[in-house]
């Protein structure tokens, strides 16, 4: 793969969507697709799609289109989905439990190796076959297993101290469901935030202001 | 509130963050804040914040700053959080269950009035005191209760038929956790997508490409 310098985040954020859609086509047995067809199905322009893929060297042939299988694999490679980044989940409440059971980590570059909670009502229970450990075990576990990513499904108040511990244990990548602003605290971290409340409030605005397109 | 034409979505998406942060300040007893302080805490520039708020008529006074309580209320009003948009949740699996118990709908403009699932193992059970209804009851329920928003926590395959039913029952607003592209199917809908898989894959890319800032 030739190019690949500083790709803008808006391009990168479209890649998973391409990947999902191509996987879907593959499952349906589609072998080839033109950028025009792809654009119609995805609601983007064909030139946008070509531009996006050109950031990574470009695939497909003029007048022939893309080979679904191949393009899907290429995008999967660009995203790095064949990795098995060791991941721990902090917080085994409703949300943490849903994330642990709902996500197919192995297909998206990660491997969930441990689940932690500080509440005695949760530690010792099982989620998807994994025993929920007490957060007091975090240091021992991390020193041994060296996870590189942590999913935070705990309330904002609890994040600060856990984050300090995780950071000092070498964890620098976070999938953050809390409202704590991790990258303001530690600049050398990679953080993807999922702010469900923000999404819901945005929806509320949009329903309340139907003329604001 | 004077202005308020077509505000760009990027401005709107920052409002919930302002709102959350101001609520947090309020809880801590902070009564006044300058746009500079606000900007430092939020990692934005002061001029960005002033510009954003000016879209809605502007608040605060030069040299005095913002009254936390007042600005918080104003942003809440802009977002429309005092609404009680009647909402139903489709899908009482792990994710749906987490959403139903985790979110504080009443504080964010919504009221969860019904939960539906098609699986006999789920219907009849309770989530947060609410009985999970069978999706066969959807028509009766919607004709009587007239929900305006539906949360979709079902797999992509199941969305198409449920969506057609909801649309014909007058539901036009969706908080969509599935991978089905609702706005491609019905243009006159308001859809907020939460694509957890996309977020995880984006994180995978960013971990795999640490030089791509």
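Each value in this text was obtained by applying a stated rule to the coordinates, not by laboratory testing. Treat the numbers as computed from the prediction; the structure is a model and nothing was measured. Here Cβ is always computed from backbone atoms with ideal geometry, including for glycine, and neighbour counts include all displayed protein chains.
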Taking the label point 7 Å from Cα along the Cα-Cβ vector, the copy-to-copy distances for residue B:43, listed from shortest in nm with one decimal, are 2.8
Using only the alpha-carbon atoms, how far is helix A:68-79 inclined from the longest principal axis of chain A? Give it as 0 to 90 degrees, nearest 10. 40
Restricting the count to DSSP beta bridges whose residues both fall in the range A:1-126, what percent are antiparallel, rounded to a multiple of 5? 35
Each residue of A:187-200 has, on average, a number of other protein chain C-beta atoms within 10 Å of its C-beta equal to 6
Taking the 0 to 90 degree range and rounding to the nearest ten, how far is the long axis of helix B:156-168 tilted relative to the main principal axis of chain B, both from C-alpha atoms? 90
Divide by every residue of the protein assembly as shown the summed helix terms, -39500 (n - 2.57) for each DSSP H run of at least 4, and state the resulting mean residue ellipticity at 222 nm, rounded to the nearest 500 deg cm²/dmol. -13500 deg cm²/dmol
With a Förster radius of 45 Å, plug the Cβ-Cβ distance of residue B:172 and residue A:70 into 1/(1 + (r/R0)^6) and report the FRET value to the nearest 0.05. 0.70
I want the antiparallel fraction of DSSP beta bridges within chain B, as a percent rounded to 5. 20
Could you pull the copy-to-copy label distances for residue B:65, with points set 7 Å along Cα to Cβ, in nm to one decimal and sorted shortest first? 6.0
quick note, the range B:85-198, DSSP beta bridge pairs, % antiparallel (nearest 5) is 10
Among B:59, B:116, what is the fewest-to-most ranking by other Cβ atoms within 10 Å? B:59, B:116
How far, in degrees from 0 to 90, does helix A:196-208 lean away from the longest principal axis of the Cα atoms of chain A, to the nearest 10? 50
By the gyration tensor of its Cα atoms, with a ≥ b ≥ c the square roots of the eigenvalues, what is the shape of the protein assembly as shown: rounded for a/c under 1.5, prolate for a/b over b/c, or oblate? rounded
Tensor-based shape of the range A:1-90 (alpha-carbon gyration tensor, a/c under 1.5 rounded, otherwise prolate or oblate): prolate
For the axis carrying chain B to chain A: nearest C-beta residue of B, whole Å: B:98, 2
Volume in Å³ per residue [convex hull over Cα atoms, computed for the range A:114-179]: 90
For chain B, inverting the pair-averaged 1/r of distinct alpha-carbon atoms gives a Kirkwood value in Å of 19.6
Shortest first and in nm, the label-point separations between residue A:155 and its counterparts in the other identical copies (7 Å out along Cα→Cβ) come to 3.5
